[in-house]
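Chemist: So that we are looking at the same thing, I have put the structure below in structure tokens.
Values in this text are rule-based calculations from the coordinates and carry no lab data. Keep in mind the model is a prediction, meaning the values are calculated, not measured. Heads up, the Cβs are rebuilt from the backbone with ideal geometry, glycines too, and the neighbour counts pull from every protein chain shown.
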Amino acid sequence: MGRFSEAVLERRDLPDACIVFGGTYLPRRARVVRRRFDSWTRPKGQVTKYSYAKKYDEEYLVCFNTYGAAPTLELLHMLKDGGTKRTFFIGSMYARSLPVGMLVLPDRVVDKAGIVSLDNPEHPYAVVDPRSIRRIERSLALLGVPFTRGTTVSTPSVLHDVKPVKRYLSSDREHLGVEMELSTFHYFGSKLGLNPHGLLYVSDNPRHDVIEMSKDVLRTRMRALGRATDAALDVLNRMI
């Protein structure tokens, strides 16, 4: 145990708690997250960007640059190898109708990314542990942060024209929106005993696309990222 995590994350024994940020690594996002901790090591890594940080006298592993299902699954196995026991995923999502900056608490994640469907073709979705939902709802209520709860969809790519996925998304009117990692994170995180939790924030919608960089949209996204990180720290701290 620990050889895999040591090769990539430089430690055989990882912290009990890890927060994983989906999507590509951007310094402005890292700065928002950094402000939530009391101490922080300089981010390292070529593929997985990681930092060891402290908050509430507890050490955390903070991982960035987790983009898509396959890197998510690989990271989960690294965390299992290093002894991590509590995990929290924060990602951005495209929403069909919700405003940019809204926090979304998925209670069911349909897998169109592919990996969950290969492992369990009869049930190609991740059902979120009700205990994790209750913990996140409690933390968001204590923080006074509004949120929406419902079904989301994990897709193989948000930028490519994958026709079967597009047909599904156009026919299913119940989902709130799409991202790329959460079905893999919840399904395999539970399977590996990593106590997965997940929270998303709306980064784009039909009115504001993912590459929009106006000051108001950027400010709203970063505020949402900070609020999601505050909730993650509160949840993981209460699980000690």
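Chemist: Give the distance, in whole Å, between the Cα centre of the stretch 224-240 and the Cα centre of the stretch 159-221.
Modeler: A separation of 19 Å, based on Cα centres.
Chemist: When E122, E6, E179 are ordered from fewest to most other Cβ atoms inside 10 Å of their Cβ, what list results?
Modeler: Going from least to most buried by this count: E122, E6, E179.
Chemist: Separate question: Just flag the GluC sites (Glu not before Pro) in the stretch 54-114 sitting in loop per DSSP whose Cβ has no more than 10 other Cβ atoms within 10 Å.
Modeler: none
Chemist: Below 8 Å, C-alpha to C-alpha, sequence gap of six or more: please give me the relative contact order for the chain in percent.
Modeler: Relative contact order here is 26 percent.
Chemist: Starting from the amide H of M180, placed 1.01 Å from N in the peptide plane, find each other amide H under 5 Å away whose residue is 5 or more places distant or on another chain.
Modeler: Counting only residues 5 or more places away or on other chains, the set is T155.
Chemist: Can you sort S51, S92, S154, S171 so the residue with the fewest Cβ neighbours within 10 Å comes first?
Modeler: Details: S51 19, S92 25, S154 31, S171 7.
Final ranking by Cβ density, sparse to dense: S171, S51, S92, S154.
Chemist: For the stretch 3-238, how many pairs of lysine residues have a Cα-Cα distance under 13 Å, where the two are 8 or more positions apart or belong to different chains?
Modeler: The number of close lysine pairs in the stretch 3-238 is 4.
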